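K.L.:
Got a structure for you, written out below as structure tokens; questions coming shortly.
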Amino acid sequence: MAKKSVQEAPATEEPKPVSATDKKGKATPKRPNQSKARPPVNPPLTSKEKREAVKKSGPLTKEQKQQAREDVRAERARIAEGQWKGDPLFDKYHLPRDRGAERLLVRDIVDARWSIGQYYMFGAFAILIFSTAGSIQLQSYLFIGLLALTGAIVIESVFLTRKVKRIVLKRFPKTSQRMGGLYWYAIQRSIMPRSMRNPRARMSYKATEDDLGKIVK
């Protein structure tokens, strides 16, 4: 009987370790992510939202249209002024070929020096006009003059590219810009009339090397 009672006695289970969740009876809530940026109270409208707002407001009056045109002109003038000063915040409004501090520096290098190339367009146009109405002897003289003008521009471009290389590598020794692209950019700008250059010239002929590529106050 004693052996039977021992066999029928239920086996005692080992106590399970109590976790931190079992102590409180529920899981600990997660803290909110404190690093997540809060949205602005009055977020700016997107272009699509602006168009929808204009449609809902109905047709504009004559005064509203006039005010809208004045706002556009004022914004364009502000952008042009920022680009002329060399403010990096307005660099995004430039064409892709004109963006970057290196391109700004190259433009200033070209604009701060007098060059024969800036009169190339006028000279070539005058030679073309006189060559069509003059004698054969005059045409030969004009052709020689055009060759001399072209040769002078080539020699001038060589000195220009050397100056661009020296100043750009001195100011930006680790630049990612291709020097060949900067050379061609400088030559193209140098053979344009000064009044037709875009972006417009910032430097005068009296500008020093320290003035090149800096923000105009």
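The values are calculated or read from the model by the stated rules, or taken from the named source; none is laboratory data. Quick caveat: nothing in here was measured; it's all calculated off a predicted structure. Quick reminder, even Gly has a Cβ in these numbers, built from the backbone with ideal geometry, and neighbours come from all protein chains shown. Quick note on the areas: whole protein, heavy atoms, side chains included, nothing else; ligands and nucleic acids left out. Shrake-Rupley method; radii C 1.70, N 1.55, O 1.52, S 1.80 Å.
K.L.:
Please identify every one of the chymotrypsin sites (Phe, Trp or Tyr not before Pro) in the stretch 166-217 that sits in a loop by DSSP and has no more than 13 other beta carbons within 10 Å of its own beta carbon. Kindly include the intermediate steps, with their values, before the conclusion.
P.N.:
On the way: sites: Tyr183, Trp184, Tyr185, Tyr205; in loops: Tyr205.
Passing sites in the stretch 166-217 are Tyr205.
K.L.:
For the stretch 176-217, what does the alpha-carbon gyration tensor say about shape, rounded, prolate or oblate, given a ≥ b ≥ c as the root eigenvalues, a/c under 1.5 as rounded, and a/b over b/c as prolate?
P.N.:
On the way: a/c = 2.03, a/b = 1.20, b/c = 1.69.
Oblate, since a/c reaches 1.5 and b/c is not below a/b.
K.L.:
Could you state the number of Å between the C-alpha centres of the stretch 57-93 and the stretch 143-188?
P.N.:
The distance from the Cα centre of the stretch 143-188 to that of the stretch 57-93 comes to 35 Å.
K.L.:
Expected output is a single nm value to one decimal: the length gained when fully extending between Arg73 and Arg178, i.e. 0.36 nm times separation in residues minus the C-alpha distance. What is it? The partial results should precede the final answer.
P.N.:
Numbers: separation 105, 0.36 × 105 = 37.80 nm, distance 3.58 nm.
Contour length minus the Cα-Cα distance gives 34.2 nm.
K.L.:
Provide the per residue accessible area, probe 1.4 Å, for the stretch 127-217, rounded to a whole number of square angstrom. Can you show the working numbers first?
P.N.:
Numbers: 6250 Å² over 91 residues.
About 69 Å² of surface per residue is accessible.
K.L.:
A 23 angstrom limit on the alpha carbon distance is what I want to check against. Which of Lys85/Lys206; Lys163/Lys217; Lys92/Lys214; Lys165/Lys206; Lys92/Lys217; Lys56/Lys92 exceed it?
P.N.:
Working: Lys85/Lys206 17 Å; Lys163/Lys217 25 Å; Lys92/Lys214 17 Å; Lys165/Lys206 21 Å; Lys92/Lys217 20 Å; Lys56/Lys92 32 Å.
Checking Cα-Cα distances, Lys163/Lys217; Lys56/Lys92 exceed 23 Å.
K.L.:
Contact order normalised by length for the stretch 86-189, with contacts defined as Cα pairs under 8 Å and 6 or more residues apart; what percent is it?
P.N.:
Details: 48 pairs, mean separation 36.8, N = 104.
Here the relative contact order equals 35 percent.
K.L.:
Return one whole number: the accessible area per residue of the stretch 80-126 in Å², for a 1.4 Å probe. Working shown, then result.
P.N.:
Values: 2400 Å² over 47 residues.
Normalised by residue count, the accessible surface of the stretch 80-126 is 51 Å².
K.L.:
Is the C-alpha gyration tensor of the stretch 62-214 telling us rounded, prolate or oblate? Criteria: a/c under 1.5 is rounded; beyond that, a/b larger than b/c is prolate, otherwise oblate.
P.N.:
Details: a/c = 2.96, a/b = 1.36, b/c = 2.17.
Note, shape of the stretch 62-214 comes out oblate.
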